[in-house]
Amino acid sequence: MALGPQGFSIIDLPPAAPEMLQSYEDLPLDPYMGNGTRFKRFAQYRLTPEPGRDTGWLYEKLPQRDYTTYKQFNKVGGGIRRTYETILADFTPMITLGADAMDLDRGEDWQINVHQNRTRANGQRPGPLTPEGVHHDGHEYVMIAVLRRNNVGGSETRLWKPGADEPFWTGTLTAGQAVLLDDKALQHDVTDVTSADGGPGHRDIVIVAFSRWKDKWYGDEHDEAALANRPKN
């Protein structure tokens with residue numbers, strides 16, 4: 001793996017296309033997370049290694065379903081169905097860059113969850129980014145990409161060894177950076193988004209969660225297990 005000895009790496013992203021940034025302007029409110037400060041779209045894909053190449057992936061966008069996760073990973077949003085509108089922008093080139101930087105195993109297909117989030121803040125109201133606290137997401141790998149920081153402070157990413165009393169790494173991802181995580185080995189959280197000057201501000205990100213296809217977070221079997229709060233191995 002290309003994640004480094006501590007299980008993570010920071011990569012630079014190419015400049016975001018104007019249409020990609022514009023797609024954040026009409027994100028619907030997330031009624032489940034963020035206390036009215038988060039706006040979101042969501043989509044799921046199957047990734048197949050591109051034949052005849054050492055890099056690159058083919059993307060199959062899966063039919064839209066409610067998003068479900070386990071309470072063992074998310075005490076706030078786990079164990080319920082969350083209905084989101086599908087992602088309209090094309091983030092696949094950026095995801096391919098992350099997958100190749102991680103040296104994702106090309107011996108099998110992968111399933112990914114893609115979360116397009118905007119978090120808003122002002123002088124009276126910060127935007128919580130991880131109300132679930134320090135956590136694993138429950139996947140094999142996670143990519144968190146920051147596309148824009150507009151008049152915001154806070155939002156420090158913190159990486160933790162499981163059971164540790166303090167993070168071993170703290171840093172602020174700037175626009176055009178992404179962190180790649182070994183989600184099984186590390187926990188993470190992010191401090192609240194705050195306004196830089198008391199006025200309105202926002203932080204635009206994409207979160208990509210990678211699971212091997214045999215362990216996919218998609219379909220009736222996954223939903224049944226997550227909603228029943230059966231532990232995820």
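Once amide H atoms are built 1.01 Å from N in the peptide plane, which residues 5 or more positions from Val193, or in another chain, come under 5 Å H to H?
Gly127, Leu129, Ser155
What full-extension length gain, to one decimal in nm, is calculated for Glu60 and Ile10 as 0.36 nm per residue of separation minus the Cα-Cα distance?
Full-extension gain reported as 15.3 nm.
If I model a spin label as a point 7 Å beyond the Cα along the Cα-Cβ vector, how far apart are those points for Arg82 and Arg53 in nm?
So the two model labels end up 3.1 nm from each other.
Under a plain spin-label model, where a point goes 7 Å from the Cα along Cα-to-Cβ, how far apart in nm are Arg125 and Lys184?
4.1
When a/c is below 1.5 the answer is rounded, else prolate if a/b is larger than b/c, else oblate, so apply that to the range 13-86 with a ≥ b ≥ c taken from the square roots of the Cα gyration tensor eigenvalues.
oblate
Taking the alpha-carbon distance from Lys75 and a cut-off under 19 Å, which aspartates and glutamates remain once sequence neighbours fewer than 8 residues away in the same chain are dropped?
By straight Cα distance, Lys75 reaches Asp30, Asp66, Glu132, Asp137, Asp183, Asp189, Asp192, Asp223, Glu224.
Please list, in chain and number order, the residues 5+ apart from Arg212 or on another chain whose amide H is under 5 Å from its amide H, with Hs placed from the backbone.
Gln111, Glu140
Might you work out the accessible area of Arg53 for me, using a 1.4 Å probe with all protein chains in place, and round it to the nearest 10 Å²?
Here the accessible area works out near 120 Å².
Excluding residues fewer than 8 places away in the same chain, name every one of the lysines whose C-alpha is closer than 24 Å to that of Lys71.
Within the straight-line limit of under 24 Å, Lys71 reaches these lysines: Lys40, Lys161, Lys184, Lys214, Lys216, Lys232.
What is the extension gain from Trp169 to Arg212, computed as 0.36 nm multiplied by their sequence separation minus the C-alpha to C-alpha distance, in nm to one decimal?
Contour length minus the Cα-Cα distance gives 12.8 nm.
Using a simple charge model, +1 on the beta-carbon of Lys and Arg, -1 on the beta-carbon of Asp and Glu, nothing else, what dipole does the range 60-127 show about its Cα centre, in debye to the nearest 20?
The calculated dipole for the range 60-127 is roughly 720 debye.
Please list 3J(HN,Hα) in residue order for the range 157-173, calculated via the Karplus relation 6.51 cos²θ - 1.76 cosθ + 1.60 where θ = phi - 60°; whole Hz, with x for glycine and proline.
Running phi through 6.51 cos²θ - 1.76 cosθ + 1.60 with θ = phi - 60° gives 7, 10, 10, 10, 7, x, x, 6, 8, 8, x, 8, 8, 9, x, 9, 6 Hz.
Across the range 12-28, in residue order, what do the Karplus-derived ³J(HN,Hα) couplings come to in whole Hz, using 6.51 cos²θ - 1.76 cosθ + 1.60 with θ = phi - 60° and x for Gly and Pro?
Calculated HN-Hα couplings, in order: 8, 9, x, x, 6, 5, x, 5, 5, 5, 5, 5, 7, 6, 10, 5, x Hz.
The values are calculated or read from the model by the stated rules, or taken from the named source; none is laboratory data. Since the structure is predicted, the reported quantities are computational estimates derived from the model, not experimental observations. Note: ideal-geometry Cβ built from the backbone for every residue, glycine included; neighbour counts use all protein chains shown. Just the protein is used for accessible areas: all its heavy atoms, side chains included, with ligands, DNA and RNA removed. Shrake-Rupley method; radii C 1.70, N 1.55, O 1.52, S 1.80 Å.
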